[in-house]
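Colleague: Sharing a structure, written as structure tokens. Questions coming.
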Amino acid sequence: MPSTRDIRRRIVSVKKTAQITSAMEKVAQAKMGRAQQAAIAGRPYAELMNRVLGEVVTHAGDFDHPFMKARGGENRALILVTTDKGMCGSINSNLLRKVSDEFVTDHTRVIAAGRKGAQHASRVGWDLTADFSYSDTPVFAEARAIARMAVELFENAEVDHVDIAFTNFINTLSQKPEVQTLLPITEIKGVQAGVEGEEMASELSGGTAEFLFEPSAGGVLGALLPHYINFQVHQILLEAKASEFSSKMVAMKNATDNANDLIKDLTLEFNKMRQAAITNELLEITSAQMALGN
Amino acid sequence: MADTLKLEIVTPETTIYSEDVEMVTLPGSEGEAGIYPNHVPLMTRVQAGEIIVNRGGTEEVVAIGEGFAEITGDHIAILTDNAANSADIDEAAAEEAKAKAEQRLEEGGDISEEEAKALTKALTQATLYSQAQIKAKRRKRG
């Protein structure tokens, strides 16, 4: 039977835990907002890229680029975007489960972005090619480095297919593990900036004005494709970060709620015990008085 | 006839320049190109370098990375990632990532050093805690 002092001590410690988790919740909320903002800040770039893509696709005619050629081989690369830290609910395990079931074979080279993915890869013995890190608000250079490595593997025919696995941000309460194909590019869709909701492929518009191309429409498109991939990877990193922080927010909110429930229960128990002790004491006094006898 | 152009320079992270200007000189794929208002619509690759902007009688220089420019009669939009020597930076990042991956593979399924430290710390704390608990229990019984 714990004493009242033990319970009081526990209440104090649970209160401290609740304070920490609620602080973490607020931090996660702020960081999620920042990731969303950063994704939205890419909008003018996305719009311009869509305009240029629209123009060159309509003018390039039958266009052939190494990036767009599907090769039959079974060597694959998988860019695995996970978080660096834990305490963010189950998004990493969900993603890793999805990936292990369906995507990683003996012919898959894993490019990890985020520590959790790299740890998992080395634990289960996947062919880990690189272990990139990215910051809480991913900058473009980080995405570009990752994309360039994947592109190089593809160009040197070391792999025939590049996928990217990440956690898609549906809304604050739900995130979905997803795998998208990065290379070869089967169809040029418009890029989108922003992390909210289901991705809709935005329409490519083109043909408003007769543009001249320097050096040629095909040449411009060929040079544009690497930028197109970089931008996609950047947006995916931001998306993954928004997912991480929203998941963390929910996890920390649950932890705070749990702690508060626990505090309530413990306080109740503490009061009961205190009451019992007082009753006991009263009983002792009266019985002592009775024993002294009038 | 419009006598100014709207110049916009956008990167994936932000819009770095957005002003009405009189003339722009940019490093195109076929050499330097000076663009005045009412230029023919043109899409061109832009090489890493400097853009010279004439605005209100003064010259401004903006450094940009490799990218694209969409030029119409009344505006120029430049799409760039704003890093002149990105290749070197990427190379370094890739090298680092590879090294880290190798290190992780060498350690195999084992835990890395920092994790080991964290674990030891947690274990020590756990032992201290259980010792304290045992002591407390003994004291109560005694």
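What follows draws every value from the coordinates through simple rules; no lab data is involved. The model shown is predicted, which means the values in this text are computed figures rather than measured ones. Counting neighbours? That spans all protein chains shown, and the Cβs are built from the backbone with ideal geometry, glycine included.
Colleague: Mind giving me the FRET efficiency for A:Lys85 and A:Arg5? R0 is 45 Å, r the Cβ-Cβ distance, nearest 0.05 is fine.
Modeller: On the way: r = 36 Å, r/R0 = 0.79.
Here the calculated transfer efficiency is 0.80.
Colleague: Given a cut-off of under 8 Å on Cα pairs at least six residues apart, what relative contact order in percent is computed for the stretch B:1-110? Mind dumping the intermediate values first?
Modeller: Values: 224 pairs, mean separation 26.4, N = 110.
Worked out over the stretch B:1-110, it gives 24 percent.
Colleague: Compute the Cα gyration tensor for the stretch A:17-135, then decide on rounded, prolate or oblate, letting a ≥ b ≥ c be the square roots of its eigenvalues: rounded whenever a/c is under 1.5, prolate when a/b is larger than b/c in the other cases, and oblate in all that remain.
Modeller: On the way: a/c = 3.39, a/b = 1.27, b/c = 2.67.
Oblate shape, in that a/c is at least 1.5 and b/c is the bigger or equal ratio.
Colleague: Normalised by the number of residues in chain A, what is the relative contact order in percent for Cα pairs under 8 Å and 6+ residues apart? The partial results should precede the final answer.
Modeller: Numbers: 442 pairs, mean separation 94.2, N = 294.
Relative contact order for chain A comes out at 32 percent.
Colleague: Summarise the partner chain shielding of B:10-20 as one whole number: the mean count of Cβ atoms from other chains within 10 Å of each residue's Cβ.
Modeller: Details: counts 9, 5, 21, 11, 6, 5, 0, 0, 1, 0, 0.
Mean inter-chain Cβ contacts per residue within 10 Å come to 5.
Colleague: Along Cα→Cβ, 7 Å out, is where each label goes; now give me the distance between the ones at A:Arg34 and B:Gln103 in nm to one decimal.
Modeller: Computed distance between label sites A:Arg34 and B:Gln103 equals 2.5 nm.
Colleague: Another question, if that's okay. Please identify, among A:Pro215, A:Pro44, A:Pro184, the residue showing maximal mean-square fluctuation in a Gaussian network model of chain A using a 10 angstrom Cα cutoff.
Modeller: A:Pro215
Colleague: Compute the Cα gyration tensor for chain A, then decide on rounded, prolate or oblate, letting a ≥ b ≥ c be the square roots of its eigenvalues: rounded whenever a/c is under 1.5, prolate when a/b is larger than b/c in the other cases, and oblate in all that remain. Let's see the in-between values first.
Modeller: Numbers: a/c = 4.81, a/b = 2.79, b/c = 1.72.
Cα axes put chain A in the prolate bin.
Colleague: Only helical DSSP H runs with n ≥ 4 go in: add -39500 (n - 2.57) per run for chain A, normalise by residue count and round the 222 nm mean residue ellipticity to 500 deg cm²/dmol.
Modeller: It comes out at -21000 deg cm²/dmol, rounded to the nearest 500.
Colleague: Could you work out the local net charge near A:Ser22, counting Lys and Arg as +1, Asp and Glu as -1, over the other residues with Cβ closer than 13 Å to its Cβ? Mind showing how you got there, number by number?
Modeller: Working: positive: A:Lys15, A:Lys16, A:Lys26, A:Lys248, A:Lys253; negative: A:Glu25, A:Asp257.
Residues near A:Ser22 contribute +3 overall.
Colleague: Okay, next question. Just order A:92-101, A:79-88 by mean Cβ neighbour count inside 10 Å, highest at the front, would you? Intermediate results must be reported in sequence, preceding the final value.
Modeller: Numbers: A:92-101: 17.1, A:79-88: 21.1.
Taking the mean over residues of other Cβ atoms within 10 Å, the ranking is A:79-88, A:92-101.
Colleague: Work out from phi, with θ = phi - 60° and the Karplus expression 6.51 cos²θ - 1.76 cosθ + 1.60, the ³J(HN,Hα) of each residue of the stretch A:250-266, listed in order in whole Hz, and give x for Gly and Pro.
Modeller: So the J values, rounded to whole Hz, are 5, 4, 6, 5, 4, 4, 5, 4, 4, 4, 5, 4, 4, 4, 4, 4, 5.
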